[in-house]
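Working notes, beginning with the structure itself.
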Amino acid sequence: MNPGRQFTVSQAVYAQDFGALRAVREVVFINEQRVPPELELDEADPHCVHVVARDADGNAVGTGRLVPPDQATAGDGHGETAEPAARIGRMAVVAGWRGHGVGDAMLVALLEAARANGWNHVMLHAQAGAIGFYLRHGFLPRGARFMEAGIEHLTMWRAADGAMAITDPASAAAIVVALAASTRRDLRIRSHALDPAVFDAPEVVEALRRLATARRGASIRILLRDAGTPQREHAALIALAQRLPSIFSFRESDARTEAGDASAFVVDDQAGSWHQAVGNRVEGEARLSEPGRARQLRERFDRSWDRARQVNEYRVIGA
């Protein structure tokens, strides 16, 4: 966020703040995106939790809403499942305030509201251009893209709290993006051989490049069980690391001391992790707000890292 642009985010009182909410949504959805007015305002609106972002003068510059599970429509054929889920929607920021952290702050406030109400399953329909934004906040893709109000969307979901099941490469790649985004400085990756379905995904490579170049003092440590396979398969992260050798470090674990541990994981330096009980399979659990679990995995990683050999063969010859 630009420190020169001050704003606040608060939960709205619908009857009192309706005009401000409506004004932002009308500008963004109806005027800019040409959404029909009859689709923009619906019967769920009065029953939702709304947040509003205001500038230093009190003018509304952004808004979003959380539809309670009993008002949201589940199982509409776009990736939803039958479990009750609150739905985030109507996320809108006026043009002059985009890129200043308003959307991030509103999304955090809506997730906090979901937790406060005991609504652990949260979903949304992300416009195609906003998918990356929601990935960075831990939302996982579900189903195929579809058209809604003339705009391409993708259903995404996350747990407001607790574990999320990772069952396929797309959700695994998504959680790695989220963990890279939440890392302040030190990201740890323990992998069998950098599964290309996950670690060659363009969004993962871009997330790690962003971490490496945008965070002062960033460190990305990758501990491998098999260092030869990624080299033979020209893993994308090796090429990225060769361009950023001061950020990336690779080691190969000692097969003798690690023989009884087949797990793999990615862990940030905050409270997030993705753990695979069997490291050559993507199935596992992701947790984005459990600092105790993240701390345990960081300690496991560091013990193994200290015993592992440095992978010098990944270096560029002559560098």
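Within region 185-205, residues that are assigned to a strand (DSSP E or B) have Cβ atoms under 7 Å from residues that are surrounded by fewer than 22 Cβ atoms within 10 Å (Cβ to Cβ) and aromatic (Phe, Trp, Tyr) in these pairs: ARG188/PHE301; ARG190/PHE301, counting only partners at least 6 apart in sequence or on another chain. The listed residues are SER219, SER253, and the only one of them that is surrounded by 17 or more Cβ atoms within 10 Å (Cβ to Cβ), farther than 27 Å from PRO141 by Cβ and at pLDDT below 95 turns out to be SER253.
Residue under question is GLY279, and the condition is that it be buried (at least 19 other Cβ atoms within 10 Å of the Cβ), in a loop (DSSP other than H, G, I, E, B) and not hydrophobic (A, V, I, L, M, F, W, C); does it hold? Full working, then the answer.
Details: buried (at least 19 other Cβ atoms within 10 Å of the Cβ): yes; in a loop (DSSP other than H, G, I, E, B): yes; not hydrophobic (A, V, I, L, M, F, W, C): yes.
So GLY279 passes the test.
Step by step: first the residues of region 32-46, then only those that are of a type in the set (D, E, K, R) and more than 20 Å from VAL93 (Cβ to Cβ), then the one that is surrounded by the most Cβ atoms within 10 Å (Cβ to Cβ). Which residue is that? Reasoning before the result, please.
Going residue by residue through region 32-46, those that are of a type in the set (D, E, K, R) are 32, 34, 38, 40, 42-43, 45.
Retained after the next criterion (residues that are more than 20 Å from VAL93 (Cβ to Cβ)): 38, 42-43.
Details: GLU38: 7, ASP42: 13, GLU43: 7.
Result: ASP42.
On the given criteria, is SER246 more than 22 Å from the chain's Cα centre (by Cα) and assigned by TED's automatic domain parsing to the domain that holds ARG298? When the stated conditions are applied, SER246 passes them. LEU107 fulfils the conditions (1) assigned to a helix (DSSP H, G or I); (2) at pLDDT below 95 except for a single criterion, (2). Please work out if THR167 is over 24 Å from HIS275 (Cβ atoms) and within 17 Å of the chain's Cα centre (by Cα). No: the conditions fail for THR167. Determine whether ALA294 is touching a strand residue (DSSP E or B) at 6+ places or on another chain (Cβ under 9 Å) and closer than 20 Å to LEU140 by Cα. For ALA294, the condition - touching a strand residue (DSSP E or B) at 6+ places or on another chain (Cβ under 9 Å) and closer than 20 Å to LEU140 by Cα - is met.
Inside region 8-31, can you point out the residues that are surrounded by 19 or more Cβ atoms within 10 Å (Cβ to Cβ) and not in a helix (DSSP H, G or I)? Passing the criteria: VAL9, ALA12.
Looking across region 17-55, the residues that are out of contact with any Phe, Trp or Tyr (no Cβ under 7 Å at 6 or more places or on another chain) and closer than 21 Å to GLU112 by Cβ come down to ASP17, ALA20, LEU21, VAL24, ALA44, ASP45, HIS47, CYS48, VAL49, VAL51, VAL52. For first residues located in region 23-37 and farther than 11 Å from ALA149 by Cα, partners that are basic (Lys, Arg) and surrounded by 14 or more Cβ atoms within 10 Å (Cβ to Cβ) and lie 6+ apart or on another chain with Cβ distances below 6 Å form the pairs ARG25/ARG90.
The values are calculated or read from the model by the stated rules, or taken from the named source; none is laboratory data. In this text, all values refer to a predicted model and were calculated from it rather than measured experimentally. Don't worry about glycine lacking a Cβ; one is built from the backbone with ideal geometry, like all the others, and counts go over all protein chains shown.
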